[in-house]
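Let me begin by presenting the structure, written as structure tokens, before commenting on it.
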Amino acid sequence: MTRTEKIEAFLSELKTEIDVLSMVDVDNIESYDDVCYQIQENGGFDEEIIYYANAIEYLAKNDPSLQESCSLAAEMGFATENLNSELLASLLYSQEIRNEFEELRDEIEDFLSEVEDDEEEEEEEDDE
């Protein structure tokens with residue numbers, strides 16, 4: 001199995017809401033940060049919650065005080081007059097997706113390290 005095939009198989013099995021394979025160029029992955037950067041650049045962490053009722057329900061369940069979502073909006077430079085429930089819910093949900101993906105950091109880094117070790121071993125065998 002080639003390096004690319006190994007990485008594709010691994011990424012397709014990750015427990016995440018993100019369709020990682022559609023977001024990354026597997027040939028340009030050396031680290032977790034590479035994976036994250038490519039997902040970010042392709043909008044993989046940006047999720048929208050549309051419709052007022054859906055947004056209010058999500059916020060009521062996940063941020064009833066609106067402190068976290070308003071804080072995210074402020075960090076991103078949104079003016080108060082531009083805030084609405086859909087925007088706040090979308091920001092909070094996108095942050096949740098980023099945080100959940102961050103929990104996969106060790107798993108991804110360990111896997112990529114193993115792939116690199118395997119490649120080095122194969123190169124050493126070829127040199128002999």
Original post:
Given Cα pairs under 8 Å that are at least 6 residues apart, what percent is the relative contact order of the chain?
Top reply: 28
Subject >> Rounded to the nearest 20 debye, dipole of segment 48-103 from Cβ charges on Lys, Arg, Asp, Glu >> reply: 140
Original post:
Along the charge dipole of segment 48-103, Cβ charges K/R +1 and D/E -1, which of Asn62, Asn99, Tyr52 sits furthest on the positive end?
Top reply: Tyr52
Subject >> Order of Val115, Val35, Val20 under a 10 Å beta carbon neighbour criterion, fewest first >> reply: Val115, Val20, Val35
**OP:** Would you please name the chymotrypsin sites (Phe, Trp or Tyr not before Pro) within segment 22-128 that are DSSP coil residues with at most 13 other C-beta atoms within 10 Å of their C-beta?
**Re:** Tyr51
Subject >> Likely footprinting exposure, Met1, Met23, fewest C-beta neighbours within 10 Å first >> reply: Met1, Met23
Original post:
Tally Lys and Arg at +1 and Asp and Glu at -1 over the other residues with C-beta under 14 Å from the C-beta of Ile56: what net charge comes out?
Top reply: -2
Original post:
Once both axes come from the Cα atoms, what is the angle between helix 32-41 and the longest principal axis of the chain, in degrees from 0 to 90, rounded to 10?
Top reply: 50
Subject >> Helix-only mean residue ellipticity at 222 nm for the chain, each DSSP H run of n ≥ 4 adding -39500 (n - 2.57), per residue, nearest 500 >> reply: -21000 deg cm²/dmol
Subject >> Options [x] 39, 12, 12; [y] 23, 18, 13; [z] 28, 15, 11 - which one matches semi-axes √(5λ) of the Cα gyration tensor in Å as calculated here >> reply: [x]
Original post:
Spin-label point model (7 Å from Cα, Cβ direction): what's the Tyr37 to Tyr51 distance in nm?
Top reply: 3.9
**OP:** Can you tell me the FRET efficiency between Arg105 and Lys61 if r is taken as the Cβ-Cβ distance and R0 is 41 Å, rounded to the nearest 0.05?
**Re:** 0.95
Original post:
Charges only on Cβ, +1 for Lys and Arg, -1 for Asp and Glu: so what's the dipole of the chain about the Cα centre, in debye to the nearest 20?
Top reply: 1820
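Laboratory data are not the source of any read-out in this text; all were calculated from the coordinates shown. Here the structure is a predicted model, which means the values were calculated and not measured. Cβ atoms come from the backbone with ideal geometry, glycine included; neighbour counts cover every protein chain shown.
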